[in-house]
Structures are given as structure tokens and as C-alpha cells.
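Remarks on the structure that follows.
The values are calculated or read from the model by the stated rules, or taken from the named source; none is laboratory data. The structure displayed is predicted, hence computed values, not measured ones. All Cβ positions, glycine included, derive from the backbone under ideal geometry; neighbour counts span all protein chains shown. Heads up: the accessible areas ignore ligands, DNA and RNA and are worked out on the full protein's heavy atoms, side chains in. Shrake-Rupley method; radii C 1.70, N 1.55, O 1.52, S 1.80 Å.
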Amino acid sequence: MRLENLRGEIKDHLLDLQDKGIEELVIRRAPRLSPEVKLQKIREEIGDCTRCKLCQGRTHIVFGVGDPHARLMFVGEGPGRDEDLQGEPFVGRAGQLLTKMIEAMGFKRAEVYIGNVVKCRPPENRLPEPDEVATCSPFLLKQIAAIRPKVIVVLGNLAAQTLLQTKKGITQLRGNFQELRGIQVMPTFHPAYLLRNPDAKRPCWEDLKKVVAWMASCPYNPV
Ligand code: URA
């Protein structure tokens, strides 16, 4: 229904109530939850998850880490061995490179939020399978809705394809902002790919510079 029609319906309803002698309405807003509380509720909803087969081999559920009020978020694929053992995303070699990338952009790791498409380690670091992505990614979307960052940097094919609902590859997608529910999304190469292909570091840095420039131009709205 269009907003104008909805407004008309609400007005008619209020006039109806007035005709019935109701002169006053008390409107109570649902209490606004902080991003911290929203994230905590999402974590509780996940619980000791057995919704997909990835639960069988995991040590820890890797929920996500960082500032619940972050203006910048990074999304990877899924935990690897180090992340599974420590329960934190991007702490292995690729994670160390990601931390350097974040710092080169002028942020501290603790100032941003880092998550993954799936929260449990796929065996032998294989790609998460479509049923696993379908089961787990709604929780990532809830985390994004709770944090409402200004920009999300999606790292690699799987994260880009999942969040942007496309089959296009990262080489085609990278470097161009897209929008997800009013949030700017920048696809770029995954740090693990950069470790294997150092020549891709320069184009990746160009993508990250676009993010820095966009964030500098974007007003800071404290909540
Ligand atoms: N690769 C990812 O995509 N995520 C991690 O958390 C670690 C490595």
C-alpha cells in the first residue's frame, strides 16, 4: 500500500473514532533497543545452533566482533581454523591482513564490526554450501539491521553474492558501490585471495580508498 493511501486510511479511522465519541488517544512507542541489546538477542536466538550440518565440526560459533555502533562493517565468508578455535572472525593470516587494511583506512579494528556469512567453520575450509548460507545468512542480515553501519565492505565472491543477491563474480563487482537497505556496500577482494595474489592488493586498496572518501563525506549522526 502506498504511504499516501495509508495516511488517508489512518485519517479515516481516526475520524471514525471521533464520530464514536473517542476524543483522545494515548500512543505508546515500543521501547527502542540499543544495538548492543539487539546483537545480544540475536546471539541468544542462535543459541547452541544445530540448524545446519556445519555444527558437527565446529569448536565455537563465530558470531562477530567489534563496535555495535560501528559506521563501517566488514563481511567475510566463514570462520577458518584459527577463528573456529578462538571464536573470533578474521584472526588468522587473512585476518592479520584485514586488520592492516582497516588500519590503513584510518580505523582501529575495535571501531569497526566484522562478521561472516556463516558462523561455523566449513570442514577443510571448503566454501559454505547453499543450504548452509541460506540457514545462517538471515542472522547476518539481522546483525546488519541492528548495527546499521554506513558502509559494508564485502570480502570476496561468497559475501558479495550473498549480500547483493547476485551471481556475478567479485572481479566484476569490485570497486562499485551498491546499496543494501539504504546501506552502501563495497565489494572487494578477500584478504585470503590477496595473500595468494599480491597483485590484487593495489585494486583492492583503490576500492577501500573509495570507502574512506565516501565515509569522510557522509555526515556523522550520533544515535
Ligand atoms: N576468512 C573469512 O572469510 N572469515 C574469517 O573469519 C576468516 C577467514
Rounded to the nearest 10 degrees, the helix 93-104 long axis (Cα) sits at an angle to the longest Cα principal axis of the chain of 60 degrees
Relative contact order for the stretch 78-218 using alpha-carbon pairs under 8 Å, separation at least 6, rounded to a whole percent?
20 percent
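Which entries in Lys41/Lys119; Lys41/Lys168; Lys53/Lys142; Lys38/Lys100 show an alpha-carbon gap greater than 23 Å? Kindly include the intermediate steps, with their values, before the conclusion.
Values: Lys41/Lys119 16 Å; Lys41/Lys168 33 Å; Lys53/Lys142 21 Å; Lys38/Lys100 29 Å.
Flagged as over cut-off: Lys41/Lys168; Lys38/Lys100.
As a check on your grasp of the helix formula, calculate [θ] at 222 nm for the chain: sum -39500 (n - 2.57) over DSSP H runs of n ≥ 4, divide by the residue count, round to the nearest 500. The partial results should precede the final answer.
On the way: 9 runs with 101 residues, N = 223.
Rounded to the nearest 500, it is -14000 deg cm²/dmol.
Give, to the nearest whole percent, the P(r) tail of the stretch 1-60 beyond 13 angstrom, counting all Cα pairs. Show your work: numbers first, answer last.
Values: 1375 of 1770 pairs.
Considering the stretch 1-60, 78 percent of its Cα-Cα pairs are separated by more than 13 Å.
Computing the accessible area with a 1.4 Å probe over protein heavy atoms, can you report the carbon and sulfur percentage for the chain? Could the numbers behind the result be given before it?
On the way: 6730 of 13190 Å².
Accessible surface attributable to carbon and sulfur in the chain totals 51 percent.
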Expressed in square angstrom to the nearest 10, the accessible area of Cys49 with a 1.4 Å probe stands at 20 Å²
Rounded Å value of the spacing that divides the Cα centres of the stretch 38-74 and the stretch 169-183
24 Å
Phi-based couplings in Hz for the stretch 59-74 (Karplus 6.51, -1.76, 1.60; Gly and Pro marked x)
9, 10, 6, 9, 6, x, 8, x, 7, x, 9, 4, 8, 10, 10, 10
Given a Förster distance of 22 Å, report the FRET efficiency between Asn197 and Phe177 from their Cβ-Cβ distance, rounded to the nearest 0.05.
0.45
What GluC sites (Glu not before Pro) in the stretch 1-97 are in a loop by DSSP, with at most 12 other Cβ atoms within 10 Å of the Cβ?
Glu23, Glu24
To test your reading of the geometry: what angle, between 0 and 90 degrees and rounded to tens, separates the Cα axis of helix 35-46 from the longest principal axis of the chain?
70 degrees
Kindly provide log₁₀ I(q)/I(0) values, in the same order as q = 0.08, 0.11, 0.17 Å⁻¹, from the Debye equation applied to equal alpha-carbon scatterers of the chain.
-0.35, -0.59, -1.19
Using +1 at the Cβ of each Lys and Arg and -1 at the Cβ of each Asp and Glu in the chain, identify which of Gln143, Val37, Ile183 lies farthest towards the dipole's positive end.
Ile183
Note down the relative contact order for the stretch 60-148 as a percent, whole number, built from C-alpha pairs under 8 angstrom at least six residues apart.
40 percent
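Just subtract the alpha-carbon distance of Ala110 and Leu15 from 0.36 nm times their residue separation and send over the number in nm, one decimal. Walk me through the numbers on the way to the answer.
Details: separation 95, 0.36 × 95 = 34.20 nm, distance 5.20 nm.
Gain on stretching Ala110 to Leu15: 29.0 nm.
Largest first, how would His190, His13, His60 line up by accessible area (1.4 Å probe)? Display every interim value, and only then the final one.
Numbers: His190 30, His13 105, His60 75 Å².
Largest accessible area first, the list is His13, His60, His190.
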Candidate aspartates and glutamates for bridging to Lys167, where Cα separation is under 15 Å - those fewer than 8 sequence places away on the same chain excluded
Glu129
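Given a 1.4 Å probe, how much area per residue of the stretch 168-223 is accessible, in Å²? Can you show the working numbers first?
Numbers: 3370 Å² over 56 residues.
That works out to 60 Å² for each residue.
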Mind checking the per residue accessible area of the stretch 1-134 for me, 1.4 Å probe, whole number of Å²?
65 Å²
Percent RCO, i.e. relative contact order, over the stretch 51-101, from Cα pairs under 8 Å lying at least 6 residues apart:
37 percent
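For the stretch 26-152, how big is the tail of P(r) above 18 Å, as a whole percent of Cα pairs? Write down the numbers at each step before the final one.
Numbers: 4224 of 8001 pairs.
Here the long-distance tail beyond 18 Å is 53 percent of all Cα pairs in the stretch 26-152.
Go through Thr188, Thr59, Thr135 and list them by solvent-accessible area, largest first, probe radius 1.4 Å.
Details: Thr188 0, Thr59 80, Thr135 45 Å².
Of Thr188, Thr59, Thr135, the descending order of accessible area is Thr59, Thr135, Thr188.
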